[in-house]
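Worksheet: the structure to be examined is printed underneath.
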Amino acid sequence: MVVINKAQEMIMATLFVLGCFLQTVQAAKADDVALAWRPTSPFRDELRDLGVAGLIRDDAEATALVSTDFGNVTVAAPAAVLYPSCPADIAALLLASCARSSPFPVSARGRGHSARGQAAAPNGVVVNMPSLGRLGGSSTASRLSVSVEGQCIDAGGEQLWVDVLRTALAHGLTPRSWTDYLHLTVGGTLSNAGISGQAFRYGPQISNVQELDVITGLGEMVTCSKERHSDLFDAVLGGLGQFGVITRARIQLVPAPTRARWVRLLYTSAAALTGDQERLIDVERGDALSGLMDYVEGTVLADKGLIGSWRSPSPSSSSFGSEPDVAARVAKLAEEAGGVLYCLEGALYYGGAAGGEPDVEKRLETLMHELRYERGFAFVHDVSYMGFLDRVRDGELRLRAAGQWDVPHPWLNLFLPRSRVLDFAAGVFHGIFRRGTTGAMGPVLVYPMNRNRWDSNTSAVFPEEEEVFYTVGILRSAVSDGDLGRLEEQNNDILRFCEEAGIPCVQYLSYYADQAGWEKKHFGPAKWARFVERKRKYDPKAILSRGQRIFTSPLA
C-alpha cells in the first residue's frame, strides 16, 4: 500500500485540485479531445504557491507533444502532463483521480512509441515517465543497478533498453531477450511483450522479468513477482498498461558475448525460408541446425524499395559485401522469382562468454552447408555485440535527417500459427502486395517463435494451438500524400483475407475501434473474462490507458 509523507500530502492536494478543475472542464466539453483546456491564472498561482508547479504543465506546447504517438494516426490531447520526480508522485496522481466521482484518465508515456493510443490520456493527464530520476536531485544512472552476484539488473520503468544494455555490459553481463529497437523504455515493452530474433530461445522480454514495482489504478504501490502478488505480476506483463504503471523491473542477466557474426541469406520461396527457420529454432530436436544461430529473423522483399529498408543496410552496403553489382544481382534474382524474395537474417554470437572465433567459424560452415538459400547470395558481416543489437538506430537517424521519421506509421503486426504461414505468404506477399504498389516504405518481417517460451498466465495474447507460431510485422511508413489511406486499406485487405481464408491470427501491438473488437477479435471469451476480472481488481475505475478504448468507463 502507499505510504505518504507531508510532501506527498501536498502533492496530493495539488492534484486533487487539478482533478476538480478537470471535472469542471470535462463537464463543459463533448468527447472531442482534439483541444486541450487552459487553466486560469489563479489556478497557476495556486500550483506555484504549493511549491509543485514544476510537476504539472498544461500549456499548449506540453500537451501537443504528447497528443499523438509513433503511429501518428490518432490524436488525443490530454489536459495536462505530470513530470514526476519519484514513483510516489504518480501514486498521488492516481489517488487524486480515484477520489473523484468522475475519475480523469491517466496514461504513462515513455518514448511514445506505441502506435494506437496506449500512451494517450484523452482529456486527462499523461505521465512523462522520463522525468523519473531527473527531478528531485537524483540522476538517470541511479535508476539502473546491476547485481553481479544475482545476475540481474534493476531498471526504472522509464529507462531505455540501450542504457540497460550499456550498464549490464560494463559488468560483462547482458539481458537475454530484446526488441529490435533498443531506444524504447523498459515499462513500454514489458506492457506489450517485447520480441525479436532471440525470442525463439528465451521467450519475449516479459518471460525474462523477475520482479516489478507497479502502481495500480487504485494508487497502490506494489512490489510483485511470481512468488509475491503473482496475479498482479502476470496481469501487468503484456497488460497494455491497463492494470498499473511499471516503475521498476528486475531483469535476468547472463554472461555477455562481445561479437556477432551477422548473416543474411536470400531465398526465392517462403517454404524454403520457413523450413530453415524452423530447423534453426528447434533447440530440442538435435538437428544439425538446431540452435546454431543465437538470433533468427526474416524479411520479405516484395519490391525494389523494400530491399533498401530503413531497418537494416541494403544489399549494396558494406554489410552485404563489397561487390559493386550486388544490388543488380539481387534485382535480377527478384525478377526471376516473380517479384518476391525472402531474407533470412541471423547472428552467431562469440567472444567473451560465448566461445572463440574458431567455434563461430565452425558453426557458420555448418549453416552454409545445411541451409537452402540461393547460392551466391550469402552476406556475412562481423560487428560488435552492441553494434548488432543497436543496428536499427542507424536507420532511424537516416530517416530523421530526411524528415521521414515522424510520419504516420500504419503498422500491422500479426501472430500466425505455423500451419497457415505459407497460405498467408501466398495470399499476402504474392497476392495483395503484388496487386498494390508498396514503395520504399518500411520492412516486412516474418519469423517463428516457440510457444513453450511464452507464459500463458501473463496478459499477452498469442496462438496456443501449435508449438510454433510466426510473427509478421508489416512496418510501413506513409511518406507521401495518399499513402496513409492506401496503406490502411491494404491492412484491412490483409485482415479480410485472413478471415475469409480461415487463417486464425492475433494482433500484436494491437488496435481495435471499440471494446467489442477487443473482446471478440483479440482476447476471446476465456481470456477476456480473466482480463476483465483483473481490471476490476486493479483499476476498477478504468483510469489507466483509456486511449486504447478497451475500457472507457468504470467497471460495475
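The values are calculated or read from the model by the stated rules, or taken from the named source; none is laboratory data. Owing to the predicted nature of the structure, the values given are computational and were not obtained by experimental measurement. Cβ atoms come from the backbone with ideal geometry, glycine included; neighbour counts cover every protein chain shown. Note: areas computed on protein heavy atoms with side chains; ligands, DNA, RNA excluded. Shrake-Rupley method; radii C 1.70, N 1.55, O 1.52, S 1.80 Å.
Provide the FRET efficiency to the nearest 0.05 for the residue 335-residue 422 pair, computing r from the beta carbons and using R0 = 30 Å. Can you show the working numbers first?
Working: r = 22 Å, r/R0 = 0.74.
Given R0 = 30 Å and the Cβ-Cβ separation, E is 0.85.
Using the Cα atoms of the range 259-507, I'd like the radius of gyration and the largest Cα-Cα distance, Dmax, both in angstrom.
Every Cα atom of the range 259-507 included, Rg and Dmax give 18.1, 52 Å.
What list of ³J(HN,Hα) values in whole Hz, one per residue of the range 453-461 in order, does the Karplus curve 6.51 cos²θ - 1.76 cosθ + 1.60 (θ = phi - 60°) give from phi, with Gly and Pro shown as x?
8, 10, 9, 6, 7, 6, 7, 5, 10
By how many nm would the segment from residue 402 to residue 134 lengthen if fully extended, with 0.36 nm per residue of separation less the alpha-carbon distance?
93.4 nm
Where the centre of each part is set by its Cα atoms, how far does the range 343-401 sit from the range 473-527, in angstrom?
Distance between centres, Cα-based: 32 Å.
Any idea how far the Cα center of the range 96-118 sits from the one of the range 178-247, in Å?
Between the Cα centres of the range 96-118 and the range 178-247 lies a distance of 17 Å.
Protein chains only, probe 1.4 Å: how do 171, 369 rank by accessible area, largest first?
369, 171
Can you tell which of 102, 184, 160 lies farthest toward the positive end of the dipole of the range 99-192, using +1 and -1 charges on the Cβ of basic and acidic side chains (Lys, Arg; Asp, Glu)?
Highest projection toward the positive end goes to 102.
With a cut-off of at most 10 other beta carbons within 10 Å, and DSSP calling the residue loop, which GluC sites (Glu not before Pro) in the range 403-496 qualify? Please list them.
Filter output for the range 403-496: 465.
What do you reckon, how do 520, 535, 541 stack up by accessible area (1.4 Å probe), largest on top?
On the way: 520 160, 535 0, 541 70 Å².
The most accessible residue leads, giving 520, 541, 535.
Under 5 Å between amide hydrogens, which residues at least 5 positions from residue 542 or on another chain qualify, with H placed 1.01 Å from N in the peptide plane?
Those qualifying (amide H under 5 Å, at least 5 residues apart or on another chain) are 555.
Once you put a point 7 Å from the Cα of residue 529 and another 7 Å from the Cα of residue 61, both along the Cβ direction, what distance in nm separates them?
For residue 529 paired with residue 61, the spin-label model returns 5.3 nm.
Tell me, what are the semi-axes, in whole angstrom and largest first, of the equivalent ellipsoid of the range 424-556 as set by the roots of 5 times the Cα gyration tensor eigenvalues?
Output for the range 424-556: semi-axes of 30, 20, 13 Å.
For the range 144-255, give the magnitude of the charge dipole about the Cα centre (Cβ charges: +1 Lys/Arg, -1 Asp/Glu; no others), in debye to the nearest 20.
Working: 7 positive and 11 negative charges, 58 e Å.
Around 280 debye, computed over the range 144-255.
Just in the range 168-260: which trypsin sites (Lys or Arg not before Pro) are loop by DSSP and have at most 10 other Cβ atoms within 10 Å?
Within the range 168-260, no trypsin sites (Lys or Arg not before Pro) qualify (loop, at most 10 other Cβ atoms within 10 Å).
How do 386, 293, 221 stack up against each other in accessible area, from largest to smallest, with a 1.4 angstrom probe?
Highest to lowest solvent-accessible surface, that is 221, 386, 293.
Give the calculated FRET efficiency between residue 555 and residue 383 to the nearest 0.05, with a Förster radius of 56 Å applied to their Cβ-Cβ distance.
0.70
Skip the ligands, DNA and RNA, and give the accessible area per residue of the range 144-255 with a 1.4 Å probe, whole Å².
The answer is 27 Å² per residue.
Just to verify a number: what accessible area does residue 290 come out at with the full protein assembly present, 1.4 Å probe, Å² rounded to tens?
Ignoring ligands and nucleic acids, residue 290 comes out at about 30 Å².
Could you list, in their original order, any pairs among 226/541; 226/521; 520/541 whose Cα atoms are separated by more than 24 Å?
Details: 226/541 26 Å; 226/521 29 Å; 520/541 22 Å.
In this structure, 226/541; 226/521 exceed 24 Å between Cα atoms.
Each label point is 7 Å from the Cα along the Cα-to-Cβ direction; what then is the distance between the points at residue 361 and residue 210, in nm?
3.8 nm
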